[in-house]
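The block underneath contains the structure these notes are about, expressed in structure tokens.
The values are calculated or read from the model by the stated rules, or taken from the named source; none is laboratory data. Here the structure is a predicted model, which is why all the values come from computation and not from measurement. For neighbour counting, all protein chains shown are included, and Cβ atoms are generated from backbone atoms with ideal geometry for every residue, glycine included. Quick note on the areas: whole protein, heavy atoms, side chains included, nothing else; ligands and nucleic acids left out. Shrake-Rupley method; radii C 1.70, N 1.55, O 1.52, S 1.80 Å.
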Amino acid sequence: MSRYQITLNRRPGSLLDFVPLQDVALAYVQSLEALCDVRLESASERQVVISFLWSKVGSRDIPQDKLDYYGLERAG
């Protein structure tokens with residue numbers, strides 16, 4: 001398995017603004033079934049980088065509706 005990275009930002013106006021970004025991002029990533037060995041690589045007030053292993057065959061599917069639920073958006 002290959003290690004992948006995802007960079008996340010907090011979406012402006014999120015209801016979870018009071019929770020540290022790294023906690024919200026880790027909760028989001030750990031809620032996805034196919035991701036394992038999740039690691040926080042770096043974190044700031046504005047951006048979080050998380051690495052993970054993808055355990056399914058095929059492309060990595062990061063559902064947008066779950067990003068919205070957690071008040072996150074992909075960076076870049």
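When the residues of segment 34-76 are filtered to those that are in a strand (DSSP E or B) and hydroxyl-bearing (Ser, Thr, Tyr), which remaining residue is farthest from ARG10 (Cα to Cα)?
Within segment 34-76, the first condition is being in a strand (DSSP E or B), and the residues that meet it are 35-43, 47-54, 72-74.
Next, from what is left, pick out any that are hydroxyl-bearing (Ser, Thr, Tyr): 42, 51.
Values: SER42: 15, SER51: 17 Å.
Top of the filtered list is SER51.
Any residue in segment 28-42 that is of a type in the set (Val, Ile, Thr), in contact (Cβ under 8 Å) with a residue 40 or more places away in the chain and open to solvent by less than 40 Å² (accessible area, probe 1.4 Å)?
As a first pass, look at segment 28-42 and keep what is of a type in the set (Val, Ile, Thr): 29, 38.
Add one more test, that the residue is in contact (Cβ under 8 Å) with a residue 40 or more places away in the chain, and what stays is none.
The answer is no; no qualifying residue exists.
Inside segment 16-37, residues that are of a type in the set (Asp, Glu), closer than 24 Å to MET1 by Cβ and modelled with pLDDT of 90 or more make up a count of 1. Please verify whether ASP61 is out of contact with any helix residue (DSSP H, G or I) (no Cβ under 9 Å at 6 or more places or on another chain), on the phi < 0 side of the Ramachandran plot, modelled with pLDDT under 90 and of a type in the set (Asp, Glu), treating the condition exactly as stated. For ASP61, the condition - out of contact with any helix residue (DSSP H, G or I) (no Cβ under 9 Å at 6 or more places or on another chain), on the phi < 0 side of the Ramachandran plot, modelled with pLDDT under 90 and of a type in the set (Asp, Glu) - is met. A count restricted to segment 38-58 and to residues that are at pLDDT below 85 and either touching a Phe, Trp or Tyr at 6+ places or on another chain (Cβ under 9 Å) or not aliphatic (A, V, I, L, M) (or both) stands at 4. Taken together, the residues in segment 16-25 that are open to solvent by 40 Å² or more (accessible area, probe 1.4 Å) and closer than 19 Å to PRO63 by Cα amount to 3.
Name every residue in segment 4-33 that is in a strand (DSSP E or B) and either touching an Asp or Glu at 6+ places or on another chain (Cβ under 8 Å) or of a type in the set (Asp, Glu) (or both), in order of residue number.
Pass one, segment 4-33, residues in a strand (DSSP E or B): 4-10.
Within segment 4-33, GLN5, LEU8, ASN9, ARG10 qualify.
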